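Below you'll find the structure, written out as C-alpha cells, and then a few comments.
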Amino acid sequence: MAAAEVLELRSPVALRRWGAVGAALAILLILFRGLGVGEQASARTFAVVFTAIAVEALPFVLLGAVMAALLEVYVPERVFERVGKLPVGLQLPAAALGGFAFPVCECGSVPVARRLIARGMHPSAALAFMIASPIFNPIVLASTWIAYQTRGLGLEMVAGRAGIGLLLALIAGWAIGMEGARDLLRTQPEEHGHADDSASCCAVPPMSKRKVFATHLTDDFFYMGRFLILGAALAAVIQALVPQNLIAGAASSPLFASLALMALAFVSSLCSEADAFVAVSFTPFPLGSQLAFLVFGPVLDFKLLFLYGATFRRGLLASLATIAVPVVMAGSLWFEVILR
C-alpha cells in the first residue's frame, strides 16, 4: 500500500508540470504579440500548425499511456522470462518484434530493457527490444499512417519506419549486447530489495492495481504530453517565423536535410507515438529526411540521455550513436531513392 500511496502523490506533480508548460506557451505568445513578432500571417500560421498537431496527436499519446500502464501493471514478468530461455539467435529477432505485442514508448522501453537483462534475457535481445519497441509498435505505426495518409504516403512511411527501425534494433542490439554483456547495466543499491517484486505484485488487491494503473496512466500521459506540446510549438515556430529561404536552403540537399532533422529530433525529444504529426508538418524537407526524424528520435534524444545514463554504463551512449547515425542516414537516403 505504501508504494501505491507514493504513486498517487505523483499526479499533482504532473499537473503542475503540465500547467508550467501551458504557462510558458502563454507567455511566449504574449511576448510575440507584445513585440509585434508575426503580427498577422505568421501568428495565424503558428496558431493553425500548433493546434492541428496537438489535436491530432494527443489521442495517440493517451492511447500509448493506456498501453504502457497495462503492460506495467497487468502483464506478468514470466512472459518475458520465457523469451529469455530461447537461444540468442532466436531471442534477438523475437525481442525486436516483441514491440508490436508490447507497445511502449522510448521512456518506458529503457526500464523494461533493464528488467529483462536482470531477469536473464540476453543483453542483445533486451537492447533490440528497447530500440525497436518505440518504433515497431501498432500505436506508432498507426499514428504514422494517419499523419501521412493525407499526402497519399501512409503505407510507404509506415514500411520505411518499421524497416529501418527493425534493422537498427538488430544491428545495434547484436553489436552492443555482444560486447558488454551483463556489464552494460549500472549497479544500483536498491536492486537487492527487488527479488520478490513479481510475488508482491501478484499479491496486490485488484482495487489497488486499478489505482496503480490510473496513476501510471496519468503520469505517462502528462509526461509525454508536455513533450508533445513543446514539440508542436517548436514546429509551429519554425513554420511561422523562420524565413522560408533559410528552410529551403537546409532542405535542398537530402544529406544535409536528414542531418538537420535528426538533430531536431534529438533536441525536441518528442514521444514516438505522436512525432509523425510533427514530422509531416516539415513539408519543405524531403520525405527521406522526415523518415530520419521519425527513426532517430525514439533512439537518441535529449531526454533519453538521462535515462540511458542512469541505466547503462557510459560506453553504451557512444556506441549507440556511432551505429544509429550512419544506419538511419543510409536508410533515409535509400528510402528517398526508392520512393523517387
Exercise. Of the numbered conditions (1) under 21 Å from S281 (Cα atoms); (2) buried (at least 24 other Cβ atoms within 10 Å of the Cβ), V158 fails exactly one; give the number of that condition.
Key: (2)
Quiz item: If you go through the stretch 254-278, how many residues are more than 22 Å from A240 (Cα to Cα) and not aliphatic (A, V, I, L, M)?
Solution: 4
Quiz item: Looking at the stretch 111-133, is at least one residue outside any helix (DSSP H, G or I) and within 14 Å of the chain's Cα centre (by Cα)?
Solution: yes
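Return the only residue of V66, V48 being at pLDDT 75 or above, touching a Phe, Trp or Tyr at 6+ places or on another chain (Cβ under 9 Å) and among the β-branched types (V, I, T).
V66
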Exercise. Please specify each residue of the stretch 70-101 satisfying the condition of being at pLDDT 75 or above, closer than 30 Å to W145 by Cα and surrounded by fewer than 21 Cβ atoms within 10 Å (Cβ to Cβ).
Key: L70, V73, Y74, L90, P93, A94, L97, F100, A101
Quiz item: Only one of these conditions is not met by L155: (1) under 19 Å from the mean Cα position of the chain (by Cα); (2) without any contact (Cβ under 8 Å) to a residue 24 or more places away in the chain. Which number is it?
Solution: (1)
Self-check item: Selected residue (only one of L168, L217 is more than 30 Å from A321 (Cα to Cα) and either at pLDDT below 85 or buried (at least 18 other Cβ atoms within 10 Å of the Cβ) (or both))
Solution: L217
Exercise. Could you please let me know if T283 is of a type in the set (V, I, T) and farther than 24 Å from I146 by Cα?
Key: no
Exercise. For the stretch 285-300, state whether one or more residues are closer than 25 Å to L153 by Cα, surrounded by fewer than 24 Cβ atoms within 10 Å (Cβ to Cβ) and either at pLDDT below 85 or among the β-branched types (V, I, T) (or both).
Key: no
Practice problem: Show the residue pairs that are 6+ apart or on different chains and have beta-carbon atoms under 8 Å apart, the first residue being within the stretch 304-316 and within 18 Å of A128 (Cα to Cα), the second being acidic (D, E) and surrounded by 14 or more Cβ atoms within 10 Å (Cβ to Cβ). | Solution: L304/E106
Quiz item: Restricting attention to the stretch 135-145, and to residues there that are touching a helix residue (DSSP H, G or I) at 6+ places or on another chain (Cβ under 7 Å) and not in a loop (DSSP other than H, G, I, E, B), which single residue is farthest from P103 (Cα to Cα)?
Solution: W145
Quiz prompt | Failed condition for G98, given (1) farther than 23 Å from F335 by Cβ; (2) touching a residue at least 40 places away in the same chain (Cβ under 8 Å) | solution = (2)
Quiz item: Based on what the data block shows, is G108 in a helix (DSSP H, G or I) and closer than 17 Å to S272 by Cα?
Solution: yes
Self-check item: Number of the condition not met by F312 [criteria: (1) modelled with pLDDT of 85 or more; (2) touching a Lys or Arg at 6+ places or on another chain (Cβ under 7 Å); (3) over 21 Å from L339 (Cβ atoms)]
Solution: (1)
Quiz item: Give me the pairs: first residue in the stretch 59-74 and over 14 Å from F102 (Cβ atoms), second residue charged (D, E, K, R) and at pLDDT 80 or above, beta-carbon distance under 8 Å, and six or more apart or on different chains, which are they?
Solution: F60/E273; V61/E273; L63/E273
Quiz item: Consider M67 against the criteria (1) of a type in the set (A, V, I, L, M, F, W, C); (2) closer than 30 Å to P326 by Cβ; (3) buried (at least 18 other Cβ atoms within 10 Å of the Cβ); (4) under 18 Å from the mean Cα position of the chain (by Cα): it satisfies all of them except one. Which criterion is unmet?
Solution: (2)
Exercise. Taking only the stretch 256-273 into account, find how many residues are at pLDDT below 85 and of a type outside the set (S, T, Y).
Key: 4
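The values are calculated or read from the model by the stated rules, or taken from the named source; none is laboratory data. From a predicted model like this one, the values you see are computed outputs, not experimental measurements. Don't worry about glycine lacking a Cβ; one is built from the backbone with ideal geometry, like all the others, and counts go over all protein chains shown.
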